[in-house]
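**Q** This is the structure I want to talk about, given as structure tokens.
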Amino acid sequence: MGNRFQVSDHFTDGAQYIGGRLRPGTADEDHSVVDPATGESVYTYRLASAGDVDDAVAAAKAAFPDWAGATPGERSDALHRFAGVLAERAEDLARAESLQCGKPIRLTTEFDVPGTVDNTAFFAGAARHLQGQSAGEYSGDHTSYVRREPIGVVGSIAPWNYPLQMAAWKILPAIAAGNTIVLKPAELTPLTSLMFAQAATDAGIPDGVVNIVTGAGRVAGEHLVGHPDVAMTSFTGSTPVGKRVAEIATRTVKRIHLELGGKAPFVVFDDADLEAAAHGAVAASLINSGQDCTAATRAYVQRPLFDAFVERVAELMETVRLGDPADPATDLGPLISHAQRDRVAGFVDRARGYATVVTGGMAPGGELEKGAYYRPTLITGAPQDSEVVQSEIFGPVLVALPFDGDDEGIRLANDTPYGLAASAWSRDVYRANRATREIKAGCVWVNDHIPIISEMPHGGYKSSGFGKDMSAYSFEEYTQVKHVMFDNTAVAAKDWHRTIFGDR
Ligand code: NAD
């Protein structure tokens, strides 16, 4: 296998980043980061205990007054420097992300890392634009204005599918708005979150503003969510864990932001450009080996185009090159773990009983046998209420289903508990516009599926959660607004006192 990131050069001091330095965890359990392309352990670290979480929260709490008191311009300067340090370290970040996730180096180099640098630069600018309503004399006797204030210590929890970008999405709006943060990445993929935090420190962001605890969900995660000094929980992950997190956070009346699972529909109307739709479906269902919360998972294709779409998608899927993630020629890497690969294979194997596997449906074997690889898979003939249509598979699996009228296409697109993302494919502006209005999802693309941009919000409808990552909308999650009201009359007996004093 190709030129690999050497983890041992980076994290000899441990995998907890607290108060601006690395240290070992103190749980009584170790965890290994496994390269999913080979199944070999590349780094073993001691997990965070509840005590480590306490220390990280204390560091964040201590750093809060000064960071919250910095001017927006000062925070902006620090974030600009942070973007610069990340850009200098782009190659290392791309290689580390590829190693721990099994992502093709082309994906981390062209998507994860530049996206993260751009997000950092965006929040450097946005930090100076925390806007409120205009001030005014709304009652006549008072001047009112709104202060937008940080919330305090944010406790964030992130998944393994885009560890670097998820760290960025959680940390950047929080600190741009003047909060401090403790982030718990997924146990499987701690490396780039730690590198992100180190870059923050090296850019001059004060110690304690960004802290990383790498621990188990049940231990470090739950302790962070329930911590009395944590003012807000921001969670990205699966819907079942999100429900548990919400329950725990509610006990201490925390603000909650939940970015949960998805099962994105990809609706192809009969006037669509078939070639564009087929290419789009393959790229959008296979990106990151399908381990993308917005990945295209359910292609609803209007009947006149259905057979040609299925044929073309299968043909294109068969051209996708599985291989060593470190090789720039590789299109598709392994899944995150052998357990995830087996979980995906389970969905497909069960579907053979009620549907047709048109292509894929197996591990590649041969040279790739040791890795958690799975071939691009297309399924047809599955009933709308079957598990491959309703459940989040989180693998390189696309289900294609035909529909007749436009009403049916939109109804089927909305017929899952999820509502994170969707796309509509049509050359008719009225049809496409109707789909954007009627599909219940936090993002609807037209004639594309997947691109994201720092200036625009990302977040779910329905069981995909609530609240927004990225864009200025994320400040709604990470700030609270305070109404300040000044009396302008300077009289002791104010007009409204008549409610108590009558005419006296
Ligand atoms: P997961 O829910 O299993 O884990 C997410 C994080 O929660 C991990 O850090 C994990 O350690 C932690 N965790 C687990 N149990 C916990 C508990 N009891 N208390 C506190 N924390 C706990 O998700 P995953 O398998 O890591 O990631 C895949 C999921 O993430 C998919 O459902 C995917 O759709 C979702 N996701 C959503 C978005 C989005 O923006 N909506 C983005 C990426 C991923």
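Nothing in this text is a laboratory measurement; each read-out follows from the coordinates by a stated rule. Owing to the predicted nature of the structure, the values given are computational and were not obtained by experimental measurement. Heads up, the Cβs are rebuilt from the backbone with ideal geometry, glycines too, and the neighbour counts pull from every protein chain shown.
**Q** Do the sum for the chain: with -39,500 (n - 2.57) for every DSSP H run of n ≥ 4, divided by all residues, what is the mean residue ellipticity at 222 nm, to the nearest 500 deg cm²/dmol?
**A** -11000 deg cm²/dmol
**Q** Loop-only check: which chymotrypsin sites (Phe, Trp or Tyr not before Pro) in the range 70-158 are DSSP coil with at most 16 other Cβ within 10 angstrom?
**A** Answer in residue order: TYR138.
**Q** So if R0 is 51 Å, what FRET efficiency would GLU315 and SER32 give, r being the distance between their Cβ atoms, rounded to the nearest 0.05?
**A** E between GLU315 and SER32, to the nearest 0.05, is 0.85.
**Q** How many nm is it between the label spots at GLU455 and LYS370, if each spot is 7 Å from the Cα in line with the beta carbon?
**A** Between GLU455 and LYS370, the label points sit 4.7 nm apart.
**Q** Shifting gears a bit: Can you work out ³J(HN,Hα) from phi for every residue in the range 89-99, in order, using Karplus 6.51 cos²θ - 1.76 cosθ + 1.60 and θ = phi - 60°, giving whole Hz and x for Gly and Pro?
**A** Those phi angles translate into 9, 4, 5, 4, 4, 5, 6, 5, 5, 5, 5 Hz.
**Q** Now for a separate question. Enumerate the amide H contacts of ALA186 below 5 Å, restricted to partners 5 or more residues apart or on another chain; note that Pro and chain-start residues carry no placed amide H.
**A** Counting only residues 5 or more places away or on other chains, the set is ALA158.
**Q** Also, I was wondering about something else. Please compute the alpha carbon radius of gyration of the range 148-303, then divide it by the globular-protein estimate 2.2 N^0.38 Å. Two decimals is fine.
**A** The value comes to 1.22.
**Q** For ARG352 and VAL253, calculate 0.36 nm times their separation in residues minus their Cα-Cα distance, and state this gained length in nm to one decimal.
**A** Full extension from ARG352 to VAL253 adds 31.0 nm.
**Q** Another question, then. Indicate, rounded to the nearest 5 percent, the antiparallel portion of the DSSP beta bridges found entirely in the chain.
**A** Expressed as a percentage, antiparallel bridges in the chain total about 40.
**Q** Full-extension gain between ALA68 and ASP428, please, as 0.36 nm times their residue separation minus the C-alpha to C-alpha distance.
**A** That pair, ALA68 and ASP428, stretches by 124.7 nm at full extension.
**Q** So, one more: Filter the trypsin sites (Lys or Arg not before Pro) in the range 396-483 to those in DSSP coil with at most 12 other Cβ atoms within 10 Å of their Cβ, and list the result.
**A** For trypsin sites (Lys or Arg not before Pro) across the range 396-483 that sit outside H, G, I, E and B with at most 12 neighbouring Cβ atoms in 10 Å, the list reads ARG427.
**Q** Follow-up question, since we're still on this one. Name the long-range amide H neighbours of VAL42: under 5 Å, sequence gap of 5 or more, or other chain; modelled H, no Pro or chain starts.
**A** So VAL42 has HN proximity to VAL33, VAL34, ASP35.
**Q** I would also like to ask the following. Going by average Cβ neighbours within 10 Å, how do the peptides 150-161, 469-480 rank, with the highest at the top?
**A** In descending order of packing, they fall as 150-161, 469-480.
**Q** Next up: Of the cross-linked pairs LYS103/LYS263; LYS103/LYS462; LYS243/LYS482; LYS103/LYS468; LYS103/LYS243, which ones have a Cα-Cα span greater than 23 Å in the structure shown?
**A** LYS103/LYS462; LYS243/LYS482; LYS103/LYS468; LYS103/LYS243
**Q** Going by average Cβ neighbours within 10 Å, how do the peptides 237-248, 177-188 rank, with the highest at the top?
**A** Ranking the peptides 237-248, 177-188 by packing returns 177-188, 237-248.
**Q** Related question: Based on the Cβ-Cβ distance from ASP207 to ALA308, what FRET efficiency comes out when R0 is 45 Å, to the nearest 0.05?
**A** According to the calculation, E is roughly 0.15.
**Q** Per residue of the range 408-421, in order, report the coupling 6.51 cos²θ - 1.76 cosθ + 1.60 (Karplus, θ = phi - 60°) as ³J(HN,Hα) in whole Hz, putting x for Gly and Pro.
**A** Using θ = phi - 60°, the values come out as 5, x, 6, 4, 5, 4, 7, 8, 9, x, 8, x, 8, 8 Hz.
**Q** Same structure, new question: Using label points projected 7 Å from each Cα along Cα→Cβ, tell me how many nm separate GLU110 and TYR473, to one decimal.
**A** Distance between label points: 2.7 nm.
**Q** Between HIS279 and GLU40, what is the label-point separation in nm under the 7 Å Cα-to-beta-carbon projection?
**A** 3.8
**Q** Quick one: dipole size for the range 264-446, taken about the Cα centre, charges +1 on Lys/Arg Cβ and -1 on Asp/Glu Cβ, in debye to the nearest 20.
**A** Once rounded to the nearest 20, the dipole reads 360 debye.
**Q** Shifting gears a bit: Could you give me the ³J(HN,Hα) list for the range 115-129, computed from phi with Karplus coefficients 6.51, -1.76, 1.60 and θ = phi - 60°, whole Hz, x at Gly and Pro?
**A** x, 5, 5, 5, 4, 5, 5, 4, 6, 4, x, 5, 4, 8, 10
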